[in-house]
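These notes are about the structure you will find just below.
The values are calculated or read from the model by the stated rules, or taken from the named source; none is laboratory data. Just so it is clear, the structure is predicted and the values come from calculations on it, not from any experiment. Don't worry about glycine lacking a Cβ; one is built from the backbone with ideal geometry, like all the others, and counts go over all protein chains shown.
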Amino acid sequence: MSRAGAAFDSSIEDATALLQQFDAIHKEQPTTAEVLKRAGLVMALTAWETYVEDRVSEAVYARLKAVNGSPIGTFVSNKLAGELKRFHNPNAEKTRRIFVDYLEIDVTTGWKWLHFEPTTARKMLDELLAKRGDAVHRSKPLNAGAPAPHLIKRDDLEKAIRFLKGLVEATDKALHE
């Protein structure tokens, strides 16, 4: 496993802890507990974003080892660092693009595991990122009358965490092949 993968495993535990906290308090404080599911999704996808940034850096620096300190090595390192400062919401296309640009590897073709094929994995990642945007920017819709359905269901968060763990394993595997 890559260092980025190990860091992801540690970071995704924050989302798992939030899900456990939700389970512990949702019966006594149902309205307050809902924020934990939204926060869990945000934390899970932040772990993914950090993984992508760390993993591409890890692989690029390994390739640059022979030219470390040279003008070309410095140029590529600086270019990647600048790009990562602007790298947000790593959907399937952005993830594919950064790995292709710096490593000439389309990691998304390796997103195969259990019940996922590259097409379904790409679609699910993009849907989760869209849902994260809603969770962050539109967390509580104003609604007169009946309460609006919860944006993030408990099972959705649990599935998202499992999905992202599988995605990280598949990405690491694609880079090792």
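In the set Glu49, Glu93, Glu28, Glu83, which member is outside any helix (DSSP H, G or I) and among the acidic types (Asp, Glu)? Working first, answer last.
On the way: Glu49 fails: outside any helix (DSSP H, G or I); Glu93 fails: outside any helix (DSSP H, G or I); Glu83 fails: outside any helix (DSSP H, G or I).
Answer to the selection: Glu28.
Which is within 23 Å of Glu177 (Cβ to Cβ), surrounded by fewer than 18 Cβ atoms within 10 Å (Cβ to Cβ), hydroxyl-bearing (Ser, Thr, Tyr) and free of Cβ contacts under 8 Å to residues at least 12 places away in the same chain, of Thr74, Thr120? Please lay out each step first, then the result.
On the way: Thr74 fails: within 23 Å of Glu177 (Cβ to Cβ).
Every option except Thr120 fails the conditions.
Of the residues that make up the range 54-63, is at least one within 21 Å of Leu125 (Cβ to Cβ), at pLDDT below 95 and either outside any helix (DSSP H, G or I) or over 12 Å from the mean Cα position of the chain (by Cα) (or both)?
Taking the range 54-63 as the starting set, the residues that turn out to be within 21 Å of Leu125 (Cβ to Cβ) are 54-59.
Next cut, at pLDDT below 95 only: none.
Scanning the range 54-63 turns up no residue that is within 21 Å of Leu125 (Cβ to Cβ), at pLDDT below 95 and either outside any helix (DSSP H, G or I) or over 12 Å from the mean Cα position of the chain (by Cα) (or both).
Of all residues being in a helix (DSSP H, G or I) and acidic (Asp, Glu) in the range 113-128, which is farthest from the chain's Cα centre (by Cα)? Just the residue, please. Before you say what the answer is, go through the steps one by one.
Residues of the range 113-128 in a helix (DSSP H, G or I): 118-128.
From what is left, the residues that are acidic (Asp, Glu) are 126-127.
Values: Asp126: 10, Glu127: 12 Å.
The residue in question is Glu127.
Name every residue in the range 96-112 that is of a type in the set (Asp, Glu) and either within 24 Å of Arg154 (Cβ to Cβ) or in a helix (DSSP H, G or I) (or both), in order of residue number.
First pass over the range 96-112, keeping only residues of a type in the set (Asp, Glu): 101, 104, 106.
Within the range 96-112, just Asp101 meets the criteria.
Could you grab the pairs with beta carbons closer than 7 Å, sequence gap of 6+ or different chains, first residue in the range 149-177 and within 12 Å of Ala121 (Cβ to Cβ) and touching a residue at least 24 places away in the same chain (Cβ under 8 Å), second one among the aromatic types (Phe, Trp, Tyr) and not in a helix (DSSP H, G or I)?
That search, which allows pairs on different chains as well, returns Gly166/Trp113; Gly166/Phe116; Leu167/Trp111; Glu169/Trp113; Ala170/Trp111; Ala170/Trp113.
Can you tell me which of Ala144, Ala130, Ala160, Ala148 is modelled with pLDDT of 95 or more and of a type in the set (Gly, Ala, Ser)?
Working: Ala144 fails: modelled with pLDDT of 95 or more; Ala130 fails: modelled with pLDDT of 95 or more; Ala148 fails: modelled with pLDDT of 95 or more.
Checking each option against the conditions leaves just Ala160.
Starting from the range 31-48, keep only residues that are farther than 10 Å from Ala15 by Cα, then list their pairs with residues that are not aromatic (Phe, Trp, Tyr) whose Cβ atoms are within a distance under 6 Å, requiring at least 6 positions of separation or different chains.
Ala33/Ile25; Ala33/His26; Glu34/His150; Trp48/Leu164
Checking the conditions here, which among Phe8, Phe22 is aromatic (Phe, Trp, Tyr), touching a residue at least 12 places away in the same chain (Cβ under 8 Å), part of a helix (DSSP H, G or I) and in contact with a Phe, Trp or Tyr (Cβ under 6 Å, 6 or more places away or on another chain)?
On the way: Phe22 fails: in contact with a Phe, Trp or Tyr (Cβ under 6 Å, 6 or more places away or on another chain).
So the residue among Phe8, Phe22 that is aromatic (Phe, Trp, Tyr), touching a residue at least 12 places away in the same chain (Cβ under 8 Å), part of a helix (DSSP H, G or I) and in contact with a Phe, Trp or Tyr (Cβ under 6 Å, 6 or more places away or on another chain) is Phe8.
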